[in-house]
Amino acid sequence: MRTAYATSPGSIRAASTLRRIHVAAAIGSMALLAAVPLPVLGQDGLAIIDAAGDRYAAVETVCADFTQQLSVPLLGRERTGTGRLCTGRPNLFSMRFDDPAGDVIVVDGESAWVYFPSNDEKTVMKAPADQSAGGRDFHREFLVDTETKYDVTYEEVEVVDGQRAHRLRLRPTRPASYRAAVLWIDEGQPVLRRLRLEEENGNVRTITLSDVVFGADVGADWFTFTVPAGALVVEPPGTGGRRSP
């Protein structure tokens, strides 16, 4: 025998209200998930960096045109430079500016040379190559053994010069001259498109790369620096100090 239960108008209204609350909560949850960029939910930042590292390690040289933007908040200054850079193995790097013309950074395998005649044509900075970290050799610094040097956070997909790229934030786990480095790696292929260094002194250096050539044919001169006549070479304490060439 079935028992009939009386349903009051109040209980019907309560049940209807409860259903509406559940539906609204479900819709809100779906909207919240939709608001989160889908690539962020499933991307492994370190895997993306490792894939780029493998691509760069497969060739002897990589060259690219660059545009560098330097922001110095303390002085209220913005500076832009352009040129071409190349990396080579082992431990070779050259960044030659055409604007400002003559400015150059060279790592020749043993020493790192920095000469900015646009600022001071009489001074050359020199340091051991193994102390030349800080974003000069992008491959060696950011794409090799990344997990031992940085905490990696995947942020989002962003468009760089018309190309979709993964944006990843790297925070050093050991002393460095910068608080964080941000990498943009092409979504379609493991190519570094942009690098930003957020330096400890507040400066922000952003380098955008284009016309990237793997296995570029570069001469030995590209990774060689000759001290200009009359220039003074300045070295860090403990490595020879300040001397004339």
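Can you work out which of the residues in segment 136-154 that are in a helix (DSSP H, G or I) and among the hydroxyl-bearing types (Ser, Thr, Tyr) is nearest to Thr61 (Cα to Cα)?
Only one residue fits best here, namely Thr146.
Could you list, in sequence order, all residues of segment 152-171 that are touching a Pro at 6+ places or on another chain (Cβ under 6 Å) and surrounded by 14 or more Cβ atoms within 10 Å (Cβ to Cβ)?
Of everything in segment 152-171, just one residue is touching a Pro at 6+ places or on another chain (Cβ under 6 Å) and surrounded by 14 or more Cβ atoms within 10 Å (Cβ to Cβ), namely Val157.
Which members of segment 140-198 meet the condition of being in contact with a Lys or Arg (Cβ under 6 Å, 6 or more places away or on another chain) and among the basic types (Lys, Arg)?
Within segment 140-198, no residue meets the criteria.
Only one of Val114, Val157 is β-branched (Val, Ile, Thr), assigned to a strand (DSSP E or B) and in contact (Cβ under 8 Å) with a residue 40 or more places away in the chain; which?
Of Val114, Val157, the one residue that is β-branched (Val, Ile, Thr), assigned to a strand (DSSP E or B) and in contact (Cβ under 8 Å) with a residue 40 or more places away in the chain is Val157.
Quick check on my filter: what residues within segment 168-185 are closer than 14 Å to Leu46 by Cβ and among the charged types (D, E, K, R)?
Arg169, Arg171 - these are the residues of segment 168-185 that are closer than 14 Å to Leu46 by Cβ and among the charged types (D, E, K, R).
Report, by residue number, each residue of segment 199-224 that is free of Cβ contacts under 8 Å to residues at least 60 places away in the same chain and buried (at least 18 other Cβ atoms within 10 Å of the Cβ).
Within segment 199-224, just Glu199 meets the criteria.
What's the number of the only condition in (1) surrounded by 15 or more Cβ atoms within 10 Å (Cβ to Cβ); (2) part of a loop (DSSP other than H, G, I, E, B); (3) basic (Lys, Arg) that Arg174 fails to meet?
Only one criterion is unmet by Arg174, namely (1).
Every read-out reported here was derived from the displayed coordinates using simple, explicitly stated rules and does not represent laboratory data. Everything numeric here is computed off the predicted structure, so don't read it as measured data. Using ideal geometry, Cβ is built from the backbone for each residue, glycine included, and neighbour counts are taken over all protein chains shown.
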